[in-house]
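A short write-up of the structure that comes next.
Just so it is clear, none of the values below were taken in a lab; they were calculated from the coordinates. This structure is a prediction, so every number in the text was calculated from the model and none was measured. Cβ atoms come from the backbone with ideal geometry, glycine included; neighbour counts cover every protein chain shown.
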Amino acid sequence: MTAPFRVIVGMEVHLQLRTRTKAFCACRVAYGDEPNTHLCPVCLGLPGALPVLNAEALRLGVRTGLALRCAIAARTKWDRKNYFYPDLPKGYQISQYDKPLCASGFLEIDADDGTTKRVRIRRAHLEEDTGKSFHVAGTKHSRIDLNRCGTPLLEIVSEPDLASADEAARYLEELRKVVAYAGTSDGNMQEGNLRCEPNVNLVYPNGDRTPIVEVKNVNSVSNVARAIRFEVARQDAEYRAHGRTMANTPRSTRGFDDATGETVHQRTKESADDYRYFPEPDLPPLDVDPALVEAERAALPELPRARRTRYVEAFGLSAYDAGVLTADRRVADWYEQALVAGASPKGVANWLTGEVFARLNAESRGIEAVPFPPARLGELTALVEGKTVNAQAGKQVLRTMWESGEAPKDVVARLGLAQVSDPGAVKAACEAAIAAEPNAAAAVRAGKLEAFGRLMGAAMKALKGKGDPAAVKATLTDLLR
Ligand SMILES: [Zn+2]
């Protein structure tokens, strides 16, 4: 069955760049500080105050643009976006209107059909943030905190290339990973340093379209997906009820309500005319130094998607494992440092995502909490793969390393965990197991192979858990034949 309509989603993201100070003054950028303590005449827009561009904001904007494969403008300029709002004491934001810093990039994601989709980035421009107003619980008052005024943002606008709520969610996850790898933003949606506004509408096979709706106040990736799913259902119901007359409805803005999962009409959307953009008179046009762009291009690390592909192709990892290891750059770096001679990349990945992650999750801690250097995990993997210890004893070695920080081979020697492969010792253990479990042995001989596990367990126990499982299995099979 073909879908009765296509879903079209474009995404606007406001990304807070990770600078120490604000975009046009020397006030500190600090989340969660005492309200209204990081202010000066410039970020308050007092008469006569003059903005000066923070070079670090420009550098991080260029770097983010390059990570999104954008072209960086050789010359850009600043514009005032004028509007009144209580959290905007200046009455305007300094932004970039017709000459954005970055344009024509893309971000690759997994499409719903499993192929790679290139989501085009139309533009990314620098601007300053507003303050925040919030309601005081239990009172009728709203309060204003202007600390955020003037914080540097990069507004990243995609083309409407996303075809579902899931693709929109994957786009945001990928964007968050890319800026974390590039080191340009914390990308934390809860703290509001990555804010997104999906634009949603539907197209029907006869060419009819529902009007574009921009959704605001969405504070997590899962809520972006919820908001889009709600909009798709709501717009289709509207279209079924009103049909073609919808084409004349203007674009609108709706807010997302986390509690109900619904979007609520806020206003018809402003056009650029409503903002009366004009060139910022206090800042000259900006010539971007080509040397800065080339230095940032050269310093850009391998990005998460390229790294994930490399892990699949060069290391033979599953796409899932490669995704887990590359989701956080620190984990991927740790993993690669653990790849020492003698250990297979797949084996090290299994130990890391299995035993090590289980311990970290139990302690709710990150990769930096592993109490030994990465190479030690590679050495342990090599000991298991080289059959110096079996996998079960390997886990004991890891536990001990976690407490003592010792090298794995020292743990094996000290605790006498070396694997027993000596044919005589293995055979003796297997004979003892058959003697101790006569019923299981008879069952296996009669073709009931599920009883084999009991004999394996008994033989491994006789070898104090240190037997070579493959040798034990082969020997038992021989003896029972
Ligand atoms: Zn200031």
Practice task
At 7 Å along the Cα-to-beta-carbon direction for both Ala428 and Arg297, put a label point, then send me their distance in nm to one decimal.
Solution key: 7.0
Completion exercise
Taking 0.36 nm per residue of separation between Val136 and Lys346 and subtracting their Cα-Cα distance, the length gained on full extension comes to 70.3 nm
Problem - In degrees, nearest ten, helix 221-242 long axis to first principal axis of the chain (Cα) - result: 60
Handout entry: Over 20 Å (Cα to Cα) - which of Lys427/Lys466; Lys22/Lys132; Lys90/Lys216; Lys177/Lys395 fall in this group
Key = Lys90/Lys216; Lys177/Lys395
Practice task
Would you please put 329-338, 467-476 in order of how densely packed they are, using the mean number of other Cβ atoms within 10 angstrom per residue and starting with the highest?
Solution key: 467-476, 329-338
Exercise for the section: Measure nothing but the geometry: give the 0 to 90° angle between the long axis through the Cα atoms of 55-67 and the longest principal axis through the Cα atoms of the chain, rounded to 10°. Expected result: 60
Practice task
Sticking with the crude label model, points 7 Å out along Cα→Cβ, report the distance from Ala314 to Leu415 in nm, one decimal please.
Solution key: 3.3
Completion exercise
Going residue by residue through the range 319-328, the Karplus relation 6.51 cos²θ - 1.76 cosθ + 1.60 with θ = phi - 60° gives ³J(HN,Hα) values, rounded to whole Hz and with x marking Gly or Pro, of 4, 5, 4, 4, x, 4, 6, 9, 4, 10
Completion exercise
Going residue by residue through the range 200-214, the Karplus relation 6.51 cos²θ - 1.76 cosθ + 1.60 with θ = phi - 60° gives ³J(HN,Hα) values, rounded to whole Hz and with x marking Gly or Pro, of 10, 7, 10, 10, 9, x, 7, x, 4, 10, 7, x, 5, 10, 9
Handout entry: Peptides 343-351, 131-139, 79-87 ordered by average Cβ neighbours within 10 Å, highest first
Key = 343-351, 79-87, 131-139
Fill in the blank from the handout: Expected unfolding gain across Asp98-Lys464 under the 0.36 nm per residue rule, minus the alpha-carbon gap, is 124.3 nm
Completion exercise
Taking only C-alpha positions in the chain, Rg and Dmax in angstrom work out to 30.1, 97
Problem - Ordering of 168-180, 417-429 by burial proxy (mean other Cβ atoms within 10 Å per residue, highest first) - result: 168-180, 417-429
Handout entry: the chain - percent relative contact order, Cα under 8 Å, separation 6 or more
Key = 13
Handout entry: Debye, to nearest 20: dipole size of the chain, +1 on Lys, Arg Cβ, -1 on Asp, Glu Cβ
Key = 700
Fill in the blank from the handout: Plugging the Cβ-Cβ distance of Ser364 and Glu56 into 1/(1 + (r/R0)^6) at R0 = 25 Å yields, to the nearest 0.05, a FRET efficiency of 0.15
Fill in the blank from the handout: With -39,500 (n - 2.57) per DSSP H segment of 4 or more residues and division by the full residue count of the chain, the 222 nm estimate, nearest 500 deg cm²/dmol, is -12000 deg cm²/dmol
Exercise for the section: Report, as a whole number in µm² per second, the diffusion coefficient that Stokes-Einstein gives for the range 47-154 at 37 °C and 0.692 mPa s using the Kirkwood radius over alpha carbon pairs. Expected result: 203
Handout entry: 0 to 90° range, to nearest 10: angle between helix 329-338 axis and the chain longest Cα axis
Key = 30
Handout entry: From phi via Karplus (6.51, -1.76, 1.60), per-residue ³J(HN,Hα) for the range 20-30 in Hz, x at Gly/Pro
Key = 7, 10, 6, 5, 10, 8, 9, 5, 6, 8, 8
